[in-house]
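Below is one structure; the comments refer to it alone.
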Amino acid sequence: MEIDALQRLRDNITSVYLGNATAVDRLLVCILARGHVLIEDVPGVGKTVLASALARSLDGSFTRIQCTPDLLPADVTGITVYNRETSDFHFKPGPIFHNIVVADEINRTTPRTQSAMLEAMSENAVSIDGVTRELPSPFMVVATQNPYEFEGTYFLPENQLDRFLMRISLGYPAPPDESRVLESQPARTTLQELSPVITTNDIIALQHATDAVRVDQSLLDYIVALATATRGHDDLQVGLSPRGSLALSQAARATAVLDGRDYTIPEDIVGNVVPVCAHRIISRSYMHDGDTLTTRRIMQQVLETVASPA
């Protein structure tokens with residue numbers, strides 16, 4: 001049942017998103033692992049189409065926030081409004097109170113508004129006027145951003161980057177896929193016609209199945225060895241934190257579920273190291289420009305130097 005549900009979800013997404021198949025699987029890994037995903041790439045390669053296709057494939061609630069420089073924190077989390085008729089205050093929820101939240105071009109809004117999502121992404125709750133309000137389950141933020149060198153972008157704070165389970169890029173589509181895009185124009189027509197193929201209860205069941213996946217002690221030791229190697233790396237100012245190690249372990253479990261297994265193998269870890277870990281480390285040459293190429297290269301070096309279990 002689990003594999004059938006995941007296959008339906010994958011097929012539904014790829015019916016409108018005709019690009020990188022690996023990116024689709026990584027998006028599914030993130031939702032199984034209760035994580036959030038940051039999709040970074042140049043404009044026009046399908047970031048919003050991919051995020052919206054996932055949201056429309058679930059029967060839960062979803063919303064899309066177009067991030068702009070004048071977006072305020074209350075526009076995301078919600079506000080308390082005074083009711084003159086009843087002479088009391090009531091809370092008006094913001095768009096963060098949905099199962100899937102697509103934050104489009106998140107780095108075009110200010111760091112203050114970006115940080116408004118921090119508690120939501122970390123605790124699945126929002127505190128407003130001293131009251132903590134739980135978010136729906138499942139809850140996932142799918143954020144897109146343009147590269148930092150583009151005009152009108154702000155840097156994401158390191159502590160918020162750390163809340164994203166993965167940071168991925170899509171790349172340009174292969175020529176045959178781009179030809180299909182030109183023919184079908186999925187972003188204009190097909191996406192709006194997409195129907196849900198999986199329920200939120202199905203997703204919650206799959207998340208519980210992910211938690212139950214077995215990870216051998218040798219694989220746990222392998223994750224710790226990878227993290228330790230980053231902490232002593234000559235080219236790194238900040239290595240992988242324990243939160244990063246935990247994220248890598250959970251992503252490996254989710255990858256196993258996606259492949260129909262209830263146990264992990266070394267490849268589940270190796271395939272997730274760069275997207276899960278590269279945005280959590282800081283190189284010594286870091287100048288707050290994203291530095292993604294350097295950190296990806298360093299994580300690849302760490303993979304090559306730390307021996308994986310047989």
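Any residue at all in region 78-86 that's among the hydroxyl-bearing types (S, T, Y) and surrounded by 17 or more Cβ atoms within 10 Å (Cβ to Cβ)?
No, every residue in region 78-86 fails to be among the hydroxyl-bearing types (S, T, Y) and surrounded by 17 or more Cβ atoms within 10 Å (Cβ to Cβ).
Just to be sure I understand the filter: pairs with C-beta atoms under 7 Å, separated by 6 or more residues or on different chains, first member in region 296-310 and on the phi < 0 side of the Ramachandran plot, second member among the polar types (S, T, N, Q) and exposed (fewer than 14 other Cβ atoms within 10 Å of the Cβ). Which pairs pass?
That search, which allows pairs on different chains as well, returns P309/S218.
Okay, residues lined up against (1) over 30 Å from P176 (Cβ atoms); (2) not in a helix (DSSP H, G or I):
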site	(1), (2)
A5	no, no
G19	no, yes
L28	no, no
L38	no, yes
G44	no, yes
T48	no, no
V76	yes, no
I79	yes, yes
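Within the group T153, T132, which residue is part of a strand (DSSP E or B) and either at pLDDT below 80 or surrounded by fewer than 15 Cβ atoms within 10 Å (Cβ to Cβ) (or both)?
Values: T153 fails: part of a strand (DSSP E or B).
When all the criteria are applied, what remains is T132.
If you scan region 36-61, which residues turn out to be touching a Cys at 6+ places or on another chain (Cβ under 6 Å) and either surrounded by fewer than 20 Cβ atoms within 10 Å (Cβ to Cβ) or more than 25 Å from D162 (Cα to Cα) (or both)?
Residues satisfying the conditions do not exist here.
Identify the residue in region 177-234 that is of a type in the set (G, A, S) and under 30 Å from T295 (Cα atoms) and, among all such residues, is modelled with the lowest pLDDT.
Pass one, region 177-234, residues of a type in the set (G, A, S): 179, 184, 187, 195, 205, 209, 212, 218, 225, 227, 229, 232.
Restricting the remaining residues to those that are under 30 Å from T295 (Cα atoms) gives 218, 225, 227, 229, 232.
Working: S218: 96, A225: 95, A227: 95, A229: 93, G232: 87.
Out of the qualifying residues, it is G232.
For region 189-216, how many residues are of a type in the set (S, T, Y), exposed (fewer than 13 other Cβ atoms within 10 Å of the Cβ) and either closer than 22 Å to Q250 by Cβ or touching a residue at least 60 places away in the same chain (Cβ under 8 Å) (or both)?
Here the count works out to 1.
Looking only at region 224-246, decide whether some residue is hydrophobic (A, V, I, L, M, F, W, C) and within 30 Å of D4 (Cβ to Cβ).
For region 224-246, residues hydrophobic (A, V, I, L, M, F, W, C) and within 30 Å of D4 (Cβ to Cβ): present.
Quick check, is L248 crowded, with 19+ Cβ neighbours inside 10 Å, modelled with pLDDT of 95 or more and closer than 27 Å to S122 by Cα? Let's see the steps before the verdict.
On the way: crowded, with 19+ Cβ neighbours inside 10 Å: yes; modelled with pLDDT of 95 or more: yes; closer than 27 Å to S122 by Cα: yes.
Yes; evaluated as a whole, the condition is true for this residue.
Could you grab the pairs with beta carbons closer than 7 Å, sequence gap of 6+ or different chains, first residue in region 1-30 and more than 20 Å from T190 (Cα to Cα), second one of a type in the set (G, A, S)?
Every condition considered, the pairs that remain are E2/A209; I3/G260; V29/A251; V29/A254.
If we keep just the residues of region 97-113 that are out of contact with any strand residue (DSSP E or B) (no Cβ under 9 Å at 6 or more places or on another chain) and part of a helix (DSSP H, G or I), which is surrounded by the most Cβ atoms within 10 Å (Cβ to Cβ)?
Per the stated criteria, the residue is T113.
Given the conditions (1) of a type outside the set (G, A, S); (2) surrounded by 14 or more Cβ atoms within 10 Å (Cβ to Cβ); (3) touching a residue at least 60 places away in the same chain (Cβ under 8 Å), report the number of the one that L220 does not fulfil.
Of (1) of a type outside the set (G, A, S); (2) surrounded by 14 or more Cβ atoms within 10 Å (Cβ to Cβ); (3) touching a residue at least 60 places away in the same chain (Cβ under 8 Å), only one is false for L220: (3).
Rundown of residues vs (1) buried (at least 16 other Cβ atoms within 10 Å of the Cβ); (2) assigned by TED's automatic domain parsing to the domain that holds I168; (3) closer than 21 Å to V24 by Cα, yes/no style:
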{"residue": "D259", "(1), (2), (3)": "no, no, yes"}
{"residue": "Y263", "(1), (2), (3)": "no, no, no"}
{"residue": "E267", "(1), (2), (3)": "no, no, yes"}
{"residue": "A278", "(1), (2), (3)": "yes, no, yes"}
{"residue": "S285", "(1), (2), (3)": "no, no, no"}
{"residue": "I298", "(1), (2), (3)": "yes, no, no"}
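Here are some residues: T86, T68. Which one is modelled with pLDDT under 85 and not in a helix (DSSP H, G or I)?
Going through T86, T68 in turn, the sole match is T86.
Which of the residues belonging to region 23-52 are more than 10 Å from the chain's Cα centre (by Cα) and modelled with pLDDT under 90?
E40, D41, V42, P43, G44, V45, G46, K47, T48, V49, L50, S52
Can you find even one residue in region 131-147 that is under 15 Å from the mean Cα position of the chain (by Cα), under 29 Å from L206 (Cα atoms) and basic (K, R)?
Checked against the condition, which is being under 15 Å from the mean Cα position of the chain (by Cα), under 29 Å from L206 (Cα atoms) and basic (K, R), region 131-147 yields no hits at all.
The values are calculated or read from the model by the stated rules, or taken from the named source; none is laboratory data. Treat the numbers as computed from the prediction; the structure is a model and nothing was measured. Please note: Cβ atoms are built from the backbone with ideal geometry, for glycine as well, and neighbour counts cover all protein chains shown.
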